[in-house]
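One structure follows; several queries about it will come next.
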Amino acid sequence: MTGGLLRCAVADGVATITIDRPDKRNAMTAAMWRELPGLLAVLAADPDVRVLVLTGAGGNFCAGADIAELPTINRGEGAHLSTRAEEALAAFPKPTIAAIDGYCVGGGCQLAAACDLRFGTGDARFGITPARLGIVYPGTATARIVRLIGPSAAKYLLYSADLVDARHALRIGLLDEIVPAEGLTARITAFAGTLTTRSLLTQRATKEIVDAVVAGEPFGDRVAYWREEADAGGDAAEGVAAFLDRRTPRFTWTTPRA
């Protein structure tokens, strides 16, 4: 499926959303921010989608919000558009991976940080640049960056508005893996393919529990719920049986019980 400047394709259990505005380094317009939550909702409800990959066209991930639209995006109802998109991405119930090449700046970092994992090339460049414009980065995005890389590293990026390279990003936890530029697609395909063979139930449980731990929220009830779900859904029995039989498990769980 395709839609405007956000292209989406689904193959072999992996949905790939491509930010497709290469002439502007994939800067996000208000319309693109507005479109993303609805697209994510469709993919979240699709049982054939097991993993989501977010990437950019033309050698860049995303250069942030379109500067020409900042007066709109930074005021009134428009000020909430990027936050809604970020929160929708963070709440996506299945594993999410940002595949990053080139610029990942401002709103691009906002989107990348909302993904579960971030793989980037050695050519990737990261920055959070409101200090160059005299504006305030969204509160949810600031909090997410702090939780991801810590307060000192977050202040470094936000105070300076400087771009940092992939090695710096890897060191502070903004990247999980650096991949050669020519091998990024292959690495993402292989890793996402591995995730589609694992238990989606375990992945969804892990996502909820880890996010609760990071947010400092109680998680005991969530652990109990997902253990019951694993027993009722059959994934736990299948996993043990496959291990004992020395075969690949055939996990069948797709959605929680009503």
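The values are calculated or read from the model by the stated rules, or taken from the named source; none is laboratory data. Please read all numbers here as calculations on a predicted model, not as lab measurements. Glycine also receives a Cβ, built like all others from the backbone with ideal geometry; neighbour counts cover every protein chain displayed.
Collect the residues in region 120-142 that are of a type in the set (D, E, K, R) and in contact with an Asp or Glu (Cβ under 8 Å, 6 or more places away or on another chain), keeping them in residue-number order. Walk me through it before giving the result.
Initially, region 120-142 is screened for residues of a type in the set (D, E, K, R), giving 123, 125, 132.
Correct list: Asp123, Arg125.
What's the number of the condition Asp101 fails, among (1) more than 15 Å from the chain's Cα centre (by Cα); (2) surrounded by 14 or more Cβ atoms within 10 Å (Cβ to Cβ)?
Tallying (1) more than 15 Å from the chain's Cα centre (by Cα); (2) surrounded by 14 or more Cβ atoms within 10 Å (Cβ to Cβ), Asp101 fails exactly one: (1).
Need the failing condition index for Arg187 against (1) surrounded by 18 or more Cβ atoms within 10 Å (Cβ to Cβ); (2) touching a residue at least 24 places away in the same chain (Cβ under 8 Å), just the number.
So the condition that Arg187 fails would be (1).
Turning to a different aspect of this structure: Quickly run through region 175-193 and pick out the residues that are in a helix (DSSP H, G or I) and in contact with a Ser or Thr (Cβ under 9 Å, 6 or more places away or on another chain).
Result: Ala181, Glu182, Gly183, Leu184, Thr185, Ile188, Ala192.
Oh, and also: Within the set of pairs 6 or more residues apart or between chains, which connect a residue that is modelled with pLDDT of 95 or more inside region 164-176 to a residue that is surrounded by fewer than 15 Cβ atoms within 10 Å (Cβ to Cβ) with Cβ atoms less than 7 Å apart?
Hits for this filter: Ala166/Gly122.
Still on this structure, please answer the following. List the strands (runs of 3 or more DSSP E) that sit entirely inside region 1-119 and contain at least 2 residues that are in contact with an Asp or Glu (Cβ under 9 Å, 6 or more places away or on another chain), modelled with pLDDT of 95 or more and under 29 Å from Tyr156 (Cα atoms). Break it down into steps so the answer makes sense when it comes.
Numbers: elements: 6-11, 14-19, 51-56, 96-100, 103-105.
Because the criterion is at least 2 residues that are in contact with an Asp or Glu (Cβ under 9 Å, 6 or more places away or on another chain), modelled with pLDDT of 95 or more and under 29 Å from Tyr156 (Cα atoms), the strands (runs of 3 or more DSSP E) in region 1-119 that meet it are 51-56, 96-100.
Further question: Exactly one of these conditions fails for Glu182: (1) in the same structural domain as Asp101 (by TED's automatic domain parsing); (2) among the acidic types (Asp, Glu); (3) touching a residue at least 12 places away in the same chain (Cβ under 8 Å). Give me its number.
That leaves (3) as the condition not met.
Sticking with this one: Which of the residues spanning region 130-166 are over 15 Å from Val105 (Cα atoms) and outside any helix (DSSP H, G or I)?
Those that are over 15 Å from Val105 (Cα atoms) and outside any helix (DSSP H, G or I): Gly134, Gly150.
Would it be correct to say that Ile209 is assigned by TED's automatic domain parsing to the domain that holds Asp116 and not polar (S, T, N, Q)?
no
Looking for whichever is within 22 Å of Ala99 (Cα to Cα), surrounded by 21 or more Cβ atoms within 10 Å (Cβ to Cβ), within 15 Å of the chain's Cα centre (by Cα) and of a type outside the set (Ser, Thr, Tyr) here; the options are Ala154, Ala113, Ala169, Ala124. Which one fits? Please lay out each step first, then the result.
Details: Ala154 fails: within 15 Å of the chain's Cα centre (by Cα); Ala169 fails: within 15 Å of the chain's Cα centre (by Cα); Ala124 fails: within 15 Å of the chain's Cα centre (by Cα).
Residue meeting the stated conditions: Ala113.
Considering region 99-118 alone, what residues qualify as being in contact with a helix residue (DSSP H, G or I) (Cβ under 6 Å, 6 or more places away or on another chain) and more than 20 Å from Asp66 (Cα to Cα)?
Ala99, Arg118 - these are the residues of region 99-118 that are in contact with a helix residue (DSSP H, G or I) (Cβ under 6 Å, 6 or more places away or on another chain) and more than 20 Å from Asp66 (Cα to Cα).
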